[in-house]
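Worksheet: one structure, shown below.
The values are calculated or read from the model by the stated rules, or taken from the named source; none is laboratory data. Computed from a prediction, not measured in an experiment: that's the story for all the values here. No Cβ is skipped: glycine too gets one built from the backbone with ideal geometry, and neighbour counts run over all protein chains shown. For the accessible areas, the whole protein counts, side chains as well, though only heavy atoms, and no ligand, DNA or RNA atoms are used. Shrake-Rupley method; radii C 1.70, N 1.55, O 1.52, S 1.80 Å.
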Amino acid sequence: MQQPNLAPIPELYVSYESAQKLKVEAADLPSWDLTPRQICDLELLMNGGFSPLKGFLGQADYDSVVDEMRLADGTLWPMPITLDVPEKFADSVESGQDIALRDQEGVILATMTITDKWTPNKSREAEKVFGADDEAHPAVNYLHNQAGKVYLGGPVTGIQQPVHYDFKARRDTPNELRALFRKLGWRRVVAFQTRNPLHRAHQELTFRAAKEAQANLLIHPVVGMTKPGDVDHFTRVRCYEAVIDKYPGATTTLSLLNLAMRMAGPREAIWHGLIRKNHGVTHFIVGRDHAGPGKNSAGEDFYGPYDAQELFKQHQEEMGIEMVPFKHMVFVQERAQYEPADEIEEGVTVLNISGTELRRRLAEGLEIPEWFSFPEVVKELRRTRPPRAQQGFTVFFTGLSGSGKSTIANALRVKLMEMGGRPVTLLDGDIVRKNLSSELGFSKEHRDLNIRRIGFVASEITKNGGIAICAPIAPYATTRRAVREEIEDFGAFVEVHVATSLEECERRDRKGLYKLAREGKIKEFTGISDPYDEPQNPELRVETEGTDVDHCAHQVLLKLEQMGLIGTER
Ligand code: PPS
């Protein structure tokens with residue numbers, strides 16, 4: 001007799017022939033271009049990963065999920081899976097109408113019949129689902145700052161799967177995994193959820209969990225959307241592929257899950273369990289601080305470290321998937337092996353490297369011991385995160401017109417070129433305004449656009465391992481912060497405030513612009529008739545009064561050296 005966890009699970013796709021027909025018809029429907037997160041949700045709706053959901057939640061289900069962690073009919077479901085849209089789009093459609101759901105290239109993936117349209121109370125959703133209306137929580141931040149104002153709900157008819165160009169052979173739908181387990185005769189399977197590279201401790205704990213549950217092991221990492229700042233999934237999958245060979249042959253398999261995580265701790269653990277059950281899994285590892293979002297804005301944890309395990313335990317029977325609680329594994333030096341932390345007697349030497357310490361060692365090119373990770377994994381991580389002295393970075397000068405930004409920036413450019421090693425690009429205010437922003441003036445809107453363009457180019461240069469030196473006025477703090485965030489995804493952002501006073505700039509008045517500005521002949525002139533927000537915490541502030549250019553540029557070099565961005569081995 002077939003086990004229920006391995007029987008085929010219902011999908012929302014129509015047959016191939018119907019899909020071809022529906023695709024043509026759907027071309028005339030109002031269409032919504034899905035966000036990256038909605039594409040992840042839709043994929044799991046359509047392939048049965050979110051079973052029993054048949055579409056994006058309607059209002060009654062939404063209210064009940066938010067309040068009770070259950071659909072309106074009482075079925076356990078912890079996460080509101082909603083189609084958020086802006087008001088303008090919501091106003092253009094009505095209940096009862098079909099819409100086409102398209103990916104970012106415009107391919108129609110599904111249609112949805114709208115049954116509900118409502119404006120949710122997002123603060124309430126944040127409080128109930130994520131435990132606090134605090135934007136330090138990535139999903140709350142998403143809810144308030146990225147998600148549209150209105151939700152549409154209704155059943156989905158699947159036309160085709162979202163297209164993936166990467167790691168195709170490692171992606172499996174719930175039915176594909178169920179079929180694989182059937183074929184291999186795996187009756188008990190324990191899944192390990194992860195959004196991080198696997199090191200020896202993880203390998204040890206997953207192996208132990210499988211032995212304890214007398215089950216085969218599914219390494220089931222999330223490759224959809226994880227916590228901002230995580231190691232990108234391309235690197236992680238290459239790391240997983242290296243680790244999978246370390247398990248005894250034929251006990252373990254690796255499959256990628258295109259889930260958009262919400263970092264909702266306990267509720268997320270329940271959600272992950274239900275998703276795994278849909279993938280044919282019988283056991284699920286839940287660790288300390290499962291799907292934790294980090295600290296709240298008061299610097300405290302959002303959830304207790306074992307809240308997720310407790311909530312899972314309460315519901316596991318109803319869910320039909322059993323929890324294997326995660327043992328926190330540490331390395332015992334005397335015995336040269338990993339052991340559960342709670343089973344270790346006093347007096348032995350326990351070794352540990354935290355995530356922060358690992359990042360520091362990678363950034364500085366320091367040793368990462370073999371007891372901590374596998375050489376193949378470390379090699380992959382080093383390829384993605386070379387030591388800081390080999391990464392790209394951006395030096396961003398800001399200051400009033402005539403403060404000396406361009407002159408210092410140019411001196412720095414020459415000094416860096418003398419050192420060699422990385423290509424250097426100077427994005428000076430005048431150069432940019434001539435080549436990138438020739439149509440722009442000096443309104444707030446235009447200045448912002450100008451700085452955003454500089455930020456975009458600098459982030460591309462940084463990503464590709466070069467040095468970008470920017471020297472615009474960049475008068476607005478919020479815009480500078482946005483540029484910093486964009487660049488820090490790829491390398492360091494070094495803000496240098498050229499702190500020449502307005503009086504001195506006006507006294508020098510090299511281009512005669514201050515005089516014209518005072519006479520009202522130039523409007524919106526920074527410092528005279530337009531604001532300049534002084535940087536509060538720049539990496540460096542240089543004073544130009546009484547200091548020559550060479551010395552100012554040298555101060556910047558010293559800062560770069562101190563930050564480990566330029567090597568001492570010249
Ligand atoms: S901004 O605000 O960052 O977009 O400005 P930026 O691109 O750096 O351009 C500043 C140069 O343009 C000249 N200029 C003005 N500056 C400020 N306000 C007004 N209204 C203005 N009109 C022209 C000025 O020469 C600046 O050159 P620098 O090199 O900063 O002295």
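So is G402 touching a residue at least 60 places away in the same chain (Cβ under 8 Å), part of a loop (DSSP other than H, G, I, E, B), open to solvent by 30 Å² or more (accessible area, probe 1.4 Å) and within 15 Å of the ligand (Cβ to nearest atom) or not? The answer is yes for G402. Candidates in the range 182-191 are the residues that are outside any helix (DSSP H, G or I) and open to solvent by 10 Å² or more (accessible area, probe 1.4 Å); of these, the one that is nearest to G273 (Cα to Cα) is R188.
Here G347 fulfils each of the conditions (1) outside any helix (DSSP H, G or I); (2) open to solvent by less than 60 Å² (accessible area, probe 1.4 Å); (3) small (G, A, S) apart from (2).
Across the range 232-266, the qualifying residues are those that are over 28 Å from L184 (Cβ atoms) and touching a helix residue (DSSP H, G or I) at 6+ places or on another chain (Cβ under 6 Å), and the one among them that is surrounded by the most Cβ atoms within 10 Å (Cβ to Cβ) is A264.
Filtering the range 92-121 to residues that are farther than 22 Å from K21 by Cβ and open to solvent by less than 30 Å² (accessible area, probe 1.4 Å) leaves V93, W118, P120.
Of all residues in the range 434-456, those being touching a Leu at 6+ places or on another chain (Cβ under 6 Å) and more than 9 Å from the ligand (Cβ to nearest atom) number 1.
To keep it simple, each residue is scored yes or no on (1) open to solvent by less than 50 Å² (accessible area, probe 1.4 Å); (2) touching a residue at least 12 places away in the same chain (Cβ under 8 Å).
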{"site": "E17", "(1), (2)": "no, no"}
{"site": "E25", "(1), (2)": "no, no"}
{"site": "D33", "(1), (2)": "no, yes"}
{"site": "L42", "(1), (2)": "yes, yes"}
{"site": "L45", "(1), (2)": "yes, yes"}
{"site": "F50", "(1), (2)": "yes, yes"}
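Exactly one residue among L362, L366 is within 21 Å of D232 (Cβ to Cβ), touching a helix residue (DSSP H, G or I) at 6+ places or on another chain (Cβ under 8 Å) and without any contact (Cβ under 8 Å) to a residue 60 or more places away in the chain, and that residue is L362.
Which one of E495, E486, E503 is over 15 Å from V457 (Cβ atoms) and either modelled with pLDDT under 95 or away from the ligand (no atom under 14 Å from the Cβ) (or both)? Give the derivation first.
Working: E495 fails: either modelled with pLDDT under 95 or away from the ligand (no atom under 14 Å from the Cβ) (or both); E486 fails: over 15 Å from V457 (Cβ atoms).
Only one candidate passes the filter, namely E503.
Quick one: is V395 in a helix (DSSP H, G or I) and among the hydrophobic types (A, V, I, L, M, F, W, C)? No; evaluated as a whole, the condition is false for this residue. Residues considered: L45, L34, L83, L29. Of these, the only one that is hydrophobic (A, V, I, L, M, F, W, C) and more than 22 Å from L143 (Cβ to Cβ) is L29. Scanning the range 194-231 for residues that are open to solvent by 40 Å² or more (accessible area, probe 1.4 Å) and within 24 Å of W371 (Cα to Cα) yields a count of 9.
Listed here are the residues, each with its yes/no results for (1) open to solvent by less than 10 Å² (accessible area, probe 1.4 Å); (2) not aromatic (F, W, Y).
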position	(1), (2)
V483	yes, yes
E486	no, yes
F490	no, no
H497	yes, yes
C505	yes, yes
G512	no, yes
K515	no, yes
R518	no, yes
K523	no, yes
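Scanning the range 208-259 for residues that are among the hydroxyl-bearing types (S, T, Y), closer than 21 Å to P162 by Cβ and out of contact with any strand residue (DSSP E or B) (no Cβ under 7 Å at 6 or more places or on another chain) turns up just one, T226.
Sort out which residues of the range 462-478 are open to solvent by 10 Å² or more (accessible area, probe 1.4 Å) and either of a type in the set (A, V, I, L, M, F, W, C) or within 16 Å of the ligand (Cβ to nearest atom) (or both), and write them in order of number. If the condition is that a residue be open to solvent by 10 Å² or more (accessible area, probe 1.4 Å) and either of a type in the set (A, V, I, L, M, F, W, C) or within 16 Å of the ligand (Cβ to nearest atom) (or both), then I473, Y476, A477, T478 are the ones that fit. Screening F312 against (1) open to solvent by 70 Å² or more (accessible area, probe 1.4 Å); (2) part of a helix (DSSP H, G or I) leaves a single unmet condition, (1).
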